[in-house]
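Student: This is the structure I have questions about; it appears just below.
The values are calculated or read from the model by the stated rules, or taken from the named source; none is laboratory data. Note that the structure is a prediction, hence the values are computed from the model and not measured. With ideal geometry, Cβ positions are generated from the backbone for all residues, glycine too; neighbour counts draw on all protein chains shown. SASA here: full protein model, heavy atoms, side chains in, ligands and nucleic acids out. Shrake-Rupley method; radii C 1.70, N 1.55, O 1.52, S 1.80 Å.
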Amino acid sequence: QVKKQCDQKLLIRMKTKCVPCSLNLDTQCPAGYTKITSGTGTPDCRYYLEIKAHTLSFPGCRHRCVKEFEQPECCQGHWGPDCMGE
């Protein structure tokens with residue numbers, strides 16, 4: 001039995017919105033994503049607050065999330081929706 005289908009595993013990465021670190025403990029990743037940071041997340045961003053005519057920038061935190069995704073693909077020498085061979 002020759003293997004026709006060789007699905008590729010893809011890792012999709014994303015970061016949550018930047019918020020004050022103290023508020024980031026309960027931040028969840030979108031549905032289907034797994035949080036790979038813990039606690040208050042990573043302090044690598046800035047968030048902005050508009051106060052009257054001024055915009056103030058503050059250091060903040062965000063979480064990193066990943067999602068594994070299988071992309072259907074045919075093995076070498078096979079093609080089409082059913083991965084037919086030569």
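Student: Summing Lys, Arg as +1 and Asp, Glu as -1, what charge do residues with Cβ under 13 Å from the Cβ of Asn24 carry, Asn24 excluded? Provide the component values of the computation, followed by the final result.
Tutor: On the way: positive: Lys15, Lys17, Lys35, Arg62, Arg64; negative: Asp26, Asp44.
In short, +3.
Student: How many lysine pairs does the chain hold where the Cα atoms are under 21 Å apart and the two sit 8 or more places apart or on different chains? Intermediate results must be reported in sequence, preceding the final value.
Tutor: Numbers: Lys9/Lys35; Lys9/Lys67; Lys15/Lys35; Lys15/Lys67; Lys17/Lys35; Lys17/Lys67; Lys35/Lys67.
Step by step, the pairs that qualify in the chain add up to 7.
Student: Place the peptides 9-15, 56-62 in order of packing, highest mean first, counting for every residue the other Cβ atoms within 10 Å and averaging per peptide.
Tutor: Sorting 9-15, 56-62 by mean packing, highest first, produces 56-62, 9-15.
Student: State the label only: which of [x] 21.1, 70; [y] 12.9, 39; [z] 12.4, 38 corresponds to Rg and Dmax of the Cα atoms in Å computed from the shown model?
Tutor: The listed entry that was calculated here is [x].
Student: Within a Cβ distance under 15 Å of Cys65, other residues only, what is the Lys/Arg minus Asp/Glu net charge?
Tutor: Working: positive: Arg13, Lys15, Lys17, Lys35, Arg62, Arg64, Lys67; negative: Asp26, Asp44, Glu68.
Around Cys65, the charge tally is +4.
Student: Could you give each residue of segment 66-83 its phi-based ³J(HN,Hα) in whole Hz, using Karplus coefficients 6.51, -1.76, 1.60 with θ = phi - 60°, and x for Gly or Pro?
Tutor: Computed from phi, the couplings for segment 66-83 are 10, 9, 8, 9, 9, 9, x, 8, 7, 5, 4, x, 10, 7, x, x, 9, 6 Hz.
Student: Taking the Cα centre as origin and putting +1 on Lys and Arg beta-carbons and -1 on Asp and Glu beta-carbons, what dipole magnitude results for the chain, to the nearest 20 debye?
Tutor: Working: 12 positive and 9 negative charges, 95 e Å.
The dipole magnitude comes to about 460 debye.
Student: Go through segment 12-18 residue by residue and turn each phi into a ³J(HN,Hα) via Karplus (6.51, -1.76, 1.60, θ = phi - 60°); whole Hz please, and just put x for glycine and proline.
Tutor: 9, 10, 8, 10, 6, 5, 6
Student: Now for a separate question. Quick one: pull the percent of accessible area on segment 17-76 belonging to carbon and sulfur, 1.4 Å probe, ligands and nucleic acids left out. Walk me through the numbers before you get to the answer.
Tutor: Working: 2340 of 4320 Å².
Its accessible area is 54 percent carbon and sulfur atoms.
Student: Mean separation of Cα pairs under 8 Å and 6+ residues apart, divided by the residue count of the chain: what relative contact order is that in percent?
Tutor: Values: 167 pairs, mean separation 35.3, N = 86.
Dividing the mean separation by the residue count of the chain yields 41 percent.
Student: Under the rule of at least 5 residues apart or a separate chain, name every residue whose amide H is placed under 5 Å from the amide H of Gly60.
Tutor: Cys45, Arg46, Tyr47
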